[in-house]
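**Student:** Questions regarding the structure given below will be posed in turn.
The values are calculated or read from the model by the stated rules, or taken from the named source; none is laboratory data. Given the structure is predicted, the values throughout are model-derived calculations rather than measurements. These accessible areas exclude ligands, DNA and RNA; they are computed on the full protein's heavy atoms, side chains included. Shrake-Rupley method; radii C 1.70, N 1.55, O 1.52, S 1.80 Å.
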Amino acid sequence: MAGFKKLMFWATVAGAAAAGVSYILKYKEYQRELEGEFNDFEDELSDYKTEDATANRKYTALKSTTDEFVTAAKDTANSAKGMASAAKEMLKDVANIITDNVSAAGDVAKDNAKPLFEKAKSSVEPVVDKAKKQLDKFGKDTKKSEVVENDLDSDVEVEFYEMDSDEDKKDLAQKIDDILESSTDKK
């Protein structure tokens, strides 16, 4: 069995060597043929005169009428109109998306503000009750007590605005300014 393996090994080495020699011989022959063809082409190229080549050229004049230019200009203008119209529609879509997002954000803010307001109101009520009890405890005269109680009984007014999806940003800014001014006037 060991002898058979040695025989296979030497046969493989001999086959590889024969293939290598064959490849080298074919490569050299191919290079000689390629060099010969190049020399033939070079000889043909030197026989060709550049003066004759320019003399034999023919040109085709391209002629267009005014109507063709006008038609091309109209087509270009129509294409530009189409692109402008598409851009306008795209901007409208973007504006609608932004308006929807602002409206949704306003709704979320309103929904989140109501529970906070209720919680703040419920946490202030015990303090107000305690203050009323303290006033009664000190036994101030009824006239002063009624004036203070009337001030304590006043409810805090909070207005919630719903944003219309078509409302302009300037109108929204004006409403915010009006609310801020009215709240500072009350103080």
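**Student:** Multiply the residue gap between Ala17 and Arg57 by 0.36 nm, knock off their C-alpha separation, and tell me the result in nm, one decimal place.
**Tutor:** 8.7 nm
**Student:** Mind listing the phi-derived Karplus ³J(HN,Hα) values for segment 61-74, rounded to whole Hz, using 6.51, -1.76 and 1.60 with θ = phi - 60°, and x for any glycine or proline?
**Tutor:** 7, 9, 10, 10, 8, 5, 4, 5, 5, 5, 4, 5, 5, 5
**Student:** Between segment 56-122 and segment 5-22, what's the alpha-carbon centroid distance in Å?
**Tutor:** Each part reduced to its Cα centre gives a spacing of 74 Å.
**Student:** Let me ask something else. With every protein chain in place, what's the accessible area of Val13 (1.4 Å probe, Å², nearest 10)?
**Tutor:** 60
**Student:** Residue by residue, what Karplus-based ³J(HN,Hα) values in Hz, rounded to whole numbers, does segment 125-136 have, using 6.51, -1.76 and 1.60 with θ = phi - 60° and x for Gly and Pro?
**Tutor:** My calculation for segment 125-136 gives 4, x, 5, 5, 4, 5, 5, 4, 5, 5, 4, 5 Hz in order.
**Student:** Moving on. I need the phi-derived Karplus couplings for segment 2-13: 6.51 cos²θ - 1.76 cosθ + 1.60, θ = phi - 60°, integer Hz, Gly and Pro marked x.
**Tutor:** 5, x, 5, 5, 5, 4, 5, 4, 5, 5, 5, 5
**Student:** Counting only heavy atoms of the protein chains, get the accessible area per residue of segment 52-98 (1.4 Å probe) and round it to a whole Å² value.
**Tutor:** Heavy-atom accessible area per residue stands at 94 Å².
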